[in-house]
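Colleague: Sharing a structure below in structure tokens format, with a few things to ask.
Bear in mind these aren't lab numbers, they're just calculated from the coordinates by the rules spelled out. Worth saying up front: this structure is predicted, and the values here are computed from it rather than measured. Don't worry about glycine lacking a Cβ; one is built from the backbone with ideal geometry, like all the others, and counts go over all protein chains shown.
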Amino acid sequence: MYMEQSGNRMRCLHLDGLGHGVMAQQATDGLAGLLFLEPDVTHVLKQIDRQLKTTRGAVAMLTELDLETMQGQILGVGDMSAYAHIDDQLQTMSFAPGILGKEHKTPCTLTITLKKPSTVITASDGLRRGWHLHSFPGLLNQHPQLVAYVLGNIMGRASDDQSVCVVRVE
């Protein structure tokens, strides 16, 4: 996972390399320099796709939050999910099937309008998707580390690696 801020824009690249162990980790190494290489996030994801062609590939999401305009975009490919908690409503997003660096469909994009406070969550397939706000009353109003910890421990799959990124806009 890579996260970087430039001015009022924050970008997060959440990756899950194919396979396990060192080879999966090596597939996703060295991509941080691409986060702000292009002004448009769709072009950044295309660059990442090109970079991954010589590896086993990865599933990934790229999130951009513009804290000046309060607009956000989340786009991705593969078995990952994203959630946006805005005005006590939870928007859920899954992505086009496929693998960056290999074969995939056009990346799906979710555009969100942020309000203060908002919480944006991205998760690998190691986090079960069947969770709802009513199962965790008030959780998404808590500190991002606590949100990630609770979701990872309760909704995580023991048989799979997991990663969860939680960003709170206040």
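Colleague: Given the Cα-Cα distance of D79 and R50 and 0.36 nm per residue of separation, how much length would full extension add, in nm?
Modeller: Numbers: separation 29, 0.36 × 29 = 10.44 nm, distance 1.91 nm.
That pair, D79 and R50, stretches by 8.5 nm at full extension.
Colleague: Next question, about the same structure. Could you pull out every one of the lysines with an alpha carbon less than 25 Å from that of K102, ignoring same-chain neighbours closer than 8 positions?
Modeller: Counting by Cα, and skipping residues close in sequence, K102 has these lysines nearby: K46, K53.
Colleague: How would the chain be classified by its alpha-carbon gyration tensor: rounded, prolate or oblate, with rounded meaning a/c under 1.5 and the a/b versus b/c comparison settling the rest?
Modeller: In terms of gyration-tensor shape, oblate.
Colleague: Note the full-extension length gain between Y149 and D87 as 0.36 nm times their separation in residues minus their Cα-Cα distance, in nm to one decimal.
Modeller: Full extension from Y149 to D87 adds 20.1 nm.
Colleague: While we're looking at this one, here's another question. For the stretch 26-109, which chymotrypsin sites (Phe, Trp or Tyr not before Pro) are in a loop by DSSP, counting at most 11 other Cβ atoms within 10 Å?
Modeller: Sparse-neighbourhood loop chymotrypsin sites (Phe, Trp or Tyr not before Pro): none present.
Colleague: Contour minus end-to-end for R157 and S6, with contour as 0.36 nm per residue of separation and end-to-end as the Cα-Cα distance?
Modeller: Length gained, R157 through S6: 50.9 nm.
Colleague: Roughly how many whole Å is it from the C-alpha centroid of the stretch 1-61 to that of the stretch 105-147?
Modeller: The distance from the Cα centre of the stretch 1-61 to that of the stretch 105-147 comes to 20 Å.
Colleague: For the chain, what does -39500 (n - 2.57) per DSSP helix run (n ≥ 4), summed and divided by total residues, give at 222 nm, in deg cm²/dmol to the nearest 500?
Modeller: That calculation yields -5000 deg cm²/dmol at 222 nm.
Colleague: Please state the relative contact order of the chain as a whole percent: Cα pairs under 8 Å, 6+ residues apart?
Modeller: Relative contact order comes out at 19 percent.
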